[in-house]
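The values are calculated or read from the model by the stated rules, or taken from the named source; none is laboratory data. The structure presented is a predicted model; accordingly, all values stated were derived computationally and were not measured. Glycine gets a Cβ as well: all are built from the backbone with ideal geometry, and neighbour counts include every protein chain shown. Ligands, DNA and RNA are excluded from the accessible area calculation, which covers all protein heavy atoms including side chains. Shrake-Rupley method; radii C 1.70, N 1.55, O 1.52, S 1.80 Å.
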Amino acid sequence: MKTGLDLVNECDNFPYYESDPEEYSRLRSTSWELHLEGGSGPYGYIKQSVVEKMPWDHDAWQIDDEKKCITPAPKRYTHTQETVIRETLEVAKTRDIFQILRGWRNELYPVHGPYSSRKPMVSMERAGSALFGINTYGVHMTAYVNTPQGMKIWVPRRARNKQTYGGMLDNTVAGGLSTGEKPFECVVREAAEEASFSEQLVRSNAKPCGTVSYFHIRDARAGGEAGLLQPECQYVFDMEIGAEVIPKPGDNEVEEFYLWTVDEVKRALAEGQFKPNCAAVLLDFFIRRGILTAENEKDYTEIVSRLHRKLPFPTS
């Protein structure tokens, strides 16, 4: 059975220099940095194996072997950095170089620049984001019902044929945040698509509750190549609903929903049934609700701090 700290370690599993300098240095020394023209960077960590396989156009990329830096540097005036990244990923997809690109989404993720900048430096195809190791963003919402028997939480099971974490348990509503999309608008959209929650219900009842951030090293369950780097920030929402509101799968990503007691959710967490970042979001929910406390969790302080990791690249 997994402890709360085990669940955090599974999600936030890129080593910290302070606790494991040898492993941290090993991973950093075998990763290249993504840089962008017009920014100080880095903006992502690229695995050596990705660098060796990616179909770089040397007329469009500046590759510094000594510093291990890669920068899109378009020579043709009609091209932008974003175009260079897109065309490179499209070539890799056409040649079937990376398994992860088989899940091409036609959805753009932002790469943010300096904190003072209002717009992303570039955007890239979602399926390629982990190849470049950029910060990615999403929304996760926990819908719950207060009953005479205590709080109950709506828990979905992901479709078993889903490319990523098929068959695992999830948060009530979750999804990726695309370029230009606001977190609240994203959760409204995802709630309709995944749980058939009405727009009015979500706009009236969903409450923003901060963020959960971590630096994840993907394993085989994530789909595609294992070992890709994924620093991520999730905007977290809670939504209390009445007993008469029953979520229903609105697309093919969710198999079914369960209405579980807190103890049932805790048991499934301990059994490792939840997708790693969804387990982290539930731990955050339990902390904010006073369910997980310093009195009943020996690793409380470590868990709280690890759920809010400072990401290595500029954030939105």
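If the chain between SER316 and GLU37 were fully stretched, how many nm would it gain, using 0.36 nm times the residue separation less the Cα-Cα distance?
98.6 nm
Taking the range 1-72, which GluC sites (Glu not before Pro) meet the DSSP loop condition and have no more than 10 other C-beta atoms within 10 Å? Provide the component values of the computation, followed by the final result.
Working: sites: GLU10, GLU18, GLU22, GLU23, GLU33, GLU37, GLU52, GLU66; in loops: GLU18, GLU37, GLU66.
Within the range 1-72, the qualifying GluC sites (Glu not before Pro) (loop, at most 10 other Cβ atoms within 10 Å) are GLU18, GLU66.
Please give the contour-minus-distance gain from ASP59 to ARG105: 0.36 nm per residue of separation, less the Cα-Cα distance, rounded to one decimal in nm.
13.8 nm
Roughly what would the spin-label model give for GLU193 and GLU264, points 7 Å off Cα along C-beta, in nm?
2.8
Can you list the lysines whose alpha carbon is less than 17 Å from that of LYS275, not counting same-chain residues fewer than 8 positions off?
LYS2, LYS162, LYS266
Report the charge-dipole magnitude of the range 1-134 in Debye, nearest 20, computed about the Cα centre from +1 at each Lys and Arg Cβ and -1 at each Asp and Glu Cβ.
500
Is there a quick way to get the dipole size of the range 38-78? I mean about its Cα centre, with the Cβ of Lys and Arg at +1 and of Asp and Glu at -1; what is the value in debye to the nearest 20?
It works out to roughly 140 debye.
With everything on Cα atoms, drop me the angle between helix 183-195 and the longest principal axis of the chain, reported from 0 to 90° to the nearest 10.
60
Specify which residue in the list MET151, SER19, ILE70 is farthest towards the positive end of the charge dipole of the chain, using unit charges on the beta carbon of Lys, Arg (+1) and Asp, Glu (-1), about the Cα centre.
Toward the positive end, the furthest listed residue is ILE70.
Determine the distance separating the Cα centre of the range 276-303 from the Cα centre of the range 150-199; give it in Å without decimals.
Taking the Cα centre of each part, the range 276-303 and the range 150-199 sit 21 Å apart.
Hey, what number do you get for the chain at 222 nm if only DSSP H runs of n ≥ 4 count, each worth -39500 (n - 2.57), divided across all residues, to the nearest 500? Present the calculation step by step, with values, prior to reporting the outcome.
Details: 10 runs with 90 residues, N = 316.
Value at 222 nm, helices only: -8000 deg cm²/dmol.
What per residue convex hull volume, in Å³, do the alpha-carbon atoms of the chain yield?
Looking at the chain, the number lands at 141 Å³ per residue.
Rounded to the nearest 0.05, what FRET efficiency is calculated for GLU302 and GLU244 with R0 set to 41 Å and r the Cβ-Cβ distance?
0.55
Pop out the ³J(HN,Hα) list for the range 91-101 in order, Karplus 6.51 cos²θ - 1.76 cosθ + 1.60 with θ = phi - 60°, rounded to Hz; leave Gly and Pro as x.
Along the range 91-101, the couplings run 5, 4, 5, 4, 7, 6, 6, 10, 4, 4, 6 Hz.
Work out the charge dipole of the chain with +1 on the Cβ of Lys and Arg and -1 on the Cβ of Asp and Glu about the Cα centre, then indicate which of GLY176, ALA192, LEU101 is farthest towards its positive end.
Farthest towards the positive pole: ALA192.
Using the alpha-carbon atoms, what tilt in degrees (0 to 90, nearest 10) does helix 276-288 show relative to the longest principal axis of the chain?
Helix 276-288 sits at roughly 50 degrees to that axis.
Subtracting the Cα-Cα distance from 0.36 nm times the residue separation, let me have the gained length for SER25 to ARG160 in nm, one decimal. It would help to have the intermediate numbers written out before the result.
On the way: separation 135, 0.36 × 135 = 48.60 nm, distance 3.68 nm.
Answer, rounded to one decimal: 44.9 nm.
Along Cα→Cβ, 7 Å out, is where each label goes; now give me the distance between the ones at ARG95 and ILE291 in nm to one decimal.
So the label points at ARG95 and ILE291 sit 4.8 nm apart.
Report the one residue of SER31, THR3, ALA92 whose Cα lies farthest in the direction of the positive end of the charge dipole of the range 1-126 (charges on C-beta: Lys and Arg +1, Asp and Glu -1; origin at the Cα centre).
ALA92
Of the heavy-atom accessible surface of the range 220-271 (probe 1.4 angstrom), what whole percent is carbon and sulfur?
Carbon-and-sulfur percentage of accessible area, whole number: 49.
Could you provide, to the nearest whole Å², the per residue accessible area of the chain with probe 1.4 Å?
With all protein chains present, the chain gives 46 Å² per residue.
Using a probe of 1.4 angstrom, how much of the accessible area of the range 20-145 is carbon and sulfur, in percent?
On the way: 2750 of 6200 Å².
Taking all protein chains in place, the range 20-145 shows 44 percent carbon and sulfur surface.
Enumerate the lysines that LYS119 could reach by cross-link, defined here as Cα to Cα under 30 Å, with residues fewer than 8 away along the same chain left out.
The reachable lysines, counting only those whose Cα sits under 30 Å from LYS119, are LYS47, LYS67, LYS68, LYS75, LYS93, LYS182, LYS207, LYS310.
With θ taken as phi - 60° and the coefficients 6.51, -1.76 and 1.60, list the Karplus ³J(HN,Hα) couplings across the range 241-255 in order, rounded to whole Hz; mark glycine and proline as x.
Karplus values, whole Hz, x for Gly and Pro: 10, x, 5, 7, 8, 10, x, 9, x, x, 8, 9, 8, 10, 8.
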